[in-house]
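Comments concern the structure below.
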Amino acid sequence: MRTVIRGLGELCITAGLVLLLFVTYELWGTGRYTRQQQDQLNKELVKSWAAPRVTTEKVKLGAGLALIRIPRFGAKYHFVIIEGVELADLRKGPGHYPGSALPGALGNFVVSGHRTTYSAPFNRLGELKMGDRILIDTRDRQYVYKVTDRKIVKPTAVDVTDPVPFHPGRTATKHLITLTTCHPEYSAAQRMIVFGELSESIPRAAAGAGAKPAADRVSH
Amino acid sequence: MYAWIWRSLPGTWQARLAIAAGLVAAACALLWYVIFPWLEPKVQFDHGVVNGTPTAPATTHR
């Protein structure tokens with residue numbers, strides 16, 4: 001009897017330690033997968049941008065769509081945005097809601113990303129201030145969005161993804177970006193939404209995604 | 001259980017300690033590199049998508 005109870009106790013302690021290790025893995029170990037995928041997607045994206053344009057350029061689900069950079073999060077901050085917001089897509093990086101506007105287009109370009117786990121691309125979204133720049137690089141152009149608002153909403157608030165956020169059915173008149181992530185950190189109770197509006201559209205320097213384009217600035 | 005493993009280990013207590021540490025490291029590596037990567041897509045702590053169900057936004061109206 002005593003050995004049985006002792007064995008049970010030992011099992012419980014072991015299970016607790018394994019759970020702790022699993023939480024550690026979720027928070028930091030999952031980033032390894034995301035970094036691998038991001039490297040791969042980055043290579044593919046750069047390669048496809050260097051290749052001649054295909055007549056109808058439609059991004060496949062799960063493939064890289066654009067690059068996102070946010071200067072406030074440091075010069076090294078860059079992620080490939082993936083087309084799709086399924087679990088498998090968001091494990092690879094921030095995902096673009098299929099059906100929402102494309103980068104720089106009229107309407108709402110909606111991107112979702114993890115706040116924690118999987119390299120936590122949108123971990124610091126709460127630090128963004130009004131007017132902060134969000135840079136979206138596509139094949140030909142770099143779109144500079146400026147943060148206009150930040151809101152905490154319920155997980156069911158799909159109207160943030162509308163062409164005109166919170167006004168379903170209304171026709172879009174502005175070029176918007178919407179970033180969604182979970183809130184509070186480590187929870188899924190709410191969503192943090194960051195809104196931005198296009199302020200500039202400049203030609204992307206053909207060489208390297210990190211290069212800063214200089215020539216002919218087109219203001220919006 | 002652990003007492004039994006300890007008794008079953010051969011050698012001096014130093015050798016036993018080294019083997020025990022190796023076993024713990026092996027168990028951790030197995031969990032970290034094999035079991036957790038398999039388990040992790042099946043659980044999710046962190047939902048960043050509005051609508052709860054991660055699919056295309058339910059905006060059929062245009």
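Quick check on segment A:132-191: of everything there that is surrounded by fewer than 18 Cβ atoms within 10 Å (Cβ to Cβ) and touching a His at 6+ places or on another chain (Cβ under 8 Å), which residue is modelled with the highest pLDDT?
The selected residue is A:152.
In this structure, is residue A:27 farther than 17 Å from residue B:37 by Cα, aliphatic (A, V, I, L, M) and in a helix (DSSP H, G or I)?
No.
With the condition being within 19 Å of residue A:155 (Cα to Cα) and out of contact with any Lys or Arg (no Cβ under 9 Å at 6 or more places or on another chain), I'd like the strands (runs of 3 or more DSSP E) fully within segment A:59-128 carrying at least 2 qualifying residues.
It comes to A:107-112.
Within segment A:15-41, take every residue that is of a type outside the set (Phe, Trp, Tyr) and in contact (Cβ under 8 Å) with a residue 60 or more places away in the chain and give me the one that is surrounded by the fewest Cβ atoms within 10 Å (Cβ to Cβ).
Across segment A:15-41, the extreme among qualifying residues is A:35.
I'd like to check something: does segment A:87-102 contain any residue that is out of contact with any helix residue (DSSP H, G or I) (no Cβ under 6 Å at 6 or more places or on another chain), under 22 Å from residue A:163 (Cα atoms), among the small types (Gly, Ala, Ser) and more than 8 Å from chain B (Cβ to nearest Cβ)?
The answer is yes, given that some residue of segment A:87-102 is out of contact with any helix residue (DSSP H, G or I) (no Cβ under 6 Å at 6 or more places or on another chain), under 22 Å from residue A:163 (Cα atoms), among the small types (Gly, Ala, Ser) and more than 8 Å from chain B (Cβ to nearest Cβ).
Kindly list, by first and then second residue, each pair from a residue in segment A:1-14 that is free of Cβ contacts under 8 Å to residues at least 12 places away in the same chain to a residue that is assigned to a loop (DSSP other than H, G, I, E, B), limited to pairs with Cβ atoms under 8 Å and residues at least 6 apart or on different chains.
Listed by first residue and then by second, the contacts come to A:6/B:1; A:7/B:1; A:10/B:1; A:11/B:1.
The values are calculated or read from the model by the stated rules, or taken from the named source; none is laboratory data. From a predicted model like this one, the values you see are computed outputs, not experimental measurements. Ideal geometry is used to build each Cβ from the backbone, glycine not excepted, and the neighbour counts take in all protein chains shown.
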